[in-house]
Amino acid sequence: MKKLLITGASGFLGYNLAQKFKDKWEVIGTYHLHSAHISGITPVKIDLTKFNDLKTLFKETRPAAVIHTAAISDPNFCQENQNTSYLINTEAAVNIAGFCSDLDVPCLFTSTDLVFDGLNPPYSEEDEPSPLNKYGEHKMLAEIGMKNRCASVVVCRMPLMFGRSGSTASSFLQPLLRRMRSGAAVNLFVDEFRTPLSGKNAAEGLMIALEKLPDIVHFGGLERISRYEFGKLAMEIFNLQNANLNPCKQQDIQMPAPRPRDVSLTNEKAMQMGFRPEPIKASLERLKFAF
Ligand SMILES: NC(=O)c1ccc[n+]([C@@H]2O[C@H](COP(=O)([O-])OP(=O)(O)OC[C@H]3O[C@@H](n4cnc5c(N)ncnc54)[C@H](OP(=O)(O)O)[C@@H]3O)[C@@H](O)[C@H]2O)c1
């Protein structure tokens with residue numbers, strides 16, 4: 001089997017990718033602070049911001065393809081720790097593209113809907129990035145820098161994702177369900193919209209991207225939905241009658257990072273490539289027995 005290097009295997013998406021790819025590829029999965037024990041993959045501990053360690057990783061593993069998911073993806077943390085964010089979200093990503101270029105292998109980069117300002121949704125691959133916060137800006141700079149370093153970089157812009165994870169990570173769904181089960185008030189925006197996608201569907205999309213190798217592709221889910229509507233759906237499907245959902249507006253809650261209102265992504269190009277995401281309801285029904 002050919003070797004696939006997945007960075008961030010201890011993360012939410014990395015876990016889902018490892019599940020999807022490990023039967024067809026020899027998967028090497030990196031982790032940093034959270035030891036990733038995913039059966040069927042080879043874990044490697046590394047700080048990807050250390051250039052010499054990265055060089056050694058590529059020299060020793062010589063992957064046939066790379067999926068770079070490792071990142072710090074909390075916009076508020078990135079806003080308050082801009083140097084840390086830049087080092088992993090931009091610089092490490094560009095260095096990884098450089099090593100992929102040296103080996104002449106494809107490199108998928110999981111970017112984000114947050115490269116857009118949310119004023120002109122839905123966003124297609126033709127739309128120009130216009131990030132509102134540092135996280136979005138650093139991911140945008142990574143997209144540009146990686147493409148400059150390596151022609152075979154595939155920019156995969158991902159929407160808000162939810163679903164199963166290994167023990168070392170979580171999506172936004174797990175803490176949402178915990179809080180809903182506790183009966184504590186859950187503030188959810190009625191004026192913030194996304195096109196969410198399950199981790200399983202995201203991994204399926206990225207597998208298609210690795211086969212087709214487009215320059216850039218958006219993996220929007222099937223539906224545009226507010227955070228509050230998502231909470232109501234989860235409440236119904238997980239049968240959480242006592243959940244205390246509190247509809248609120250973005251302006252009601254101050255956070256370090258500015259938040260775009262609607263960064264819905266299109267998926268026409270991905271669908272033409274064979275991407276077939278489930279409706280959110282179907283994904284949640286499937287996950288009902290996992291949590
Ligand atoms: N989750 C979403 O809804 C969403 C939406 C759009 C785009 N994305 C993008 O999708 C990708 C995956 O997101 P995710 O939710 O799976 O993230 P996550 O669960 O927070 O996982 C992040 C991963 O990055 C690793 N990492 C962080 N700093 C590192 C460093 N200095 N050296 C090596 N590894 C490091 C972490 O390792 P340790 O935990 O072991 O330290 C972890 O494996 C990211 O590129 C993100 O920008 C995510």
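The values are calculated or read from the model by the stated rules, or taken from the named source; none is laboratory data. Computed from a predicted model, the values in this text were never measured in an experiment. Don't worry about glycine lacking a Cβ; one is built from the backbone with ideal geometry, like all the others, and counts go over all protein chains shown. Heads up: the accessible areas ignore ligands, DNA and RNA and are worked out on the full protein's heavy atoms, side chains in. Shrake-Rupley method; radii C 1.70, N 1.55, O 1.52, S 1.80 Å.
Quick check on my filter: what residues within the range 213-234 are over 19 Å from Lys249 (Cα atoms) and crowded, with 17+ Cβ neighbours inside 10 Å?
Answer for the range 213-234, where residues must be over 19 Å from Lys249 (Cα atoms) and crowded, with 17+ Cβ neighbours inside 10 Å: Ile216, Val217, His218, Phe219, Gly220, Gly221, Leu222, Glu223, Ala234.
Report whether or not Ser111 is in a loop (DSSP other than H, G, I, E, B) and either surrounded by fewer than 22 Cβ atoms within 10 Å (Cβ to Cβ) or within 9 Å of the ligand (Cβ to nearest atom) (or both).
no
For a quick check of your reading: which helices (runs of 4 or more DSSP H) sit entirely within the range 21-105 and have at least 3 residues that are more than 30 Å from Phe116 (Cα to Cα) and open to solvent by less than 40 Å² (accessible area, probe 1.4 Å)?
51-61
Which of (1) under 24 Å from Ile88 (Cα atoms); (2) in contact with a Lys or Arg (Cβ under 6 Å, 6 or more places away or on another chain) does Thr195 not meet, given it meets every other one?
(1)
Can you find a residue in the range 13-20 that is without any contact (Cβ under 8 Å) to a residue 40 or more places away in the chain and either touching a helix residue (DSSP H, G or I) at 6+ places or on another chain (Cβ under 6 Å) or not hydrophobic (A, V, I, L, M, F, W, C) (or both)?
Within the range 13-20, not a single residue is without any contact (Cβ under 8 Å) to a residue 40 or more places away in the chain and either touching a helix residue (DSSP H, G or I) at 6+ places or on another chain (Cβ under 6 Å) or not hydrophobic (A, V, I, L, M, F, W, C) (or both).
State whether the residues of the range 229-252 include one that is closer than 14 Å to Pro159 by Cα, outside any helix (DSSP H, G or I) and at pLDDT 95 or above.
Within the range 229-252, not a single residue is closer than 14 Å to Pro159 by Cα, outside any helix (DSSP H, G or I) and at pLDDT 95 or above.
Across the range 149-169, what is the number of residues that are surrounded by fewer than 18 Cβ atoms within 10 Å (Cβ to Cβ) and either within 16 Å of the ligand (Cβ to nearest atom) or not in a loop (DSSP other than H, G, I, E, B) (or both)?
So the count comes out to 1.
Could we say that Gly118 is at positive phi, open to solvent by less than 10 Å² (accessible area, probe 1.4 Å), outside any strand (DSSP E or B) and not charged (D, E, K, R) here? Give the derivation first.
Values: at positive phi: yes; open to solvent by less than 10 Å² (accessible area, probe 1.4 Å): yes; outside any strand (DSSP E or B): yes; not charged (D, E, K, R): yes.
When the stated conditions are applied, Gly118 passes them.
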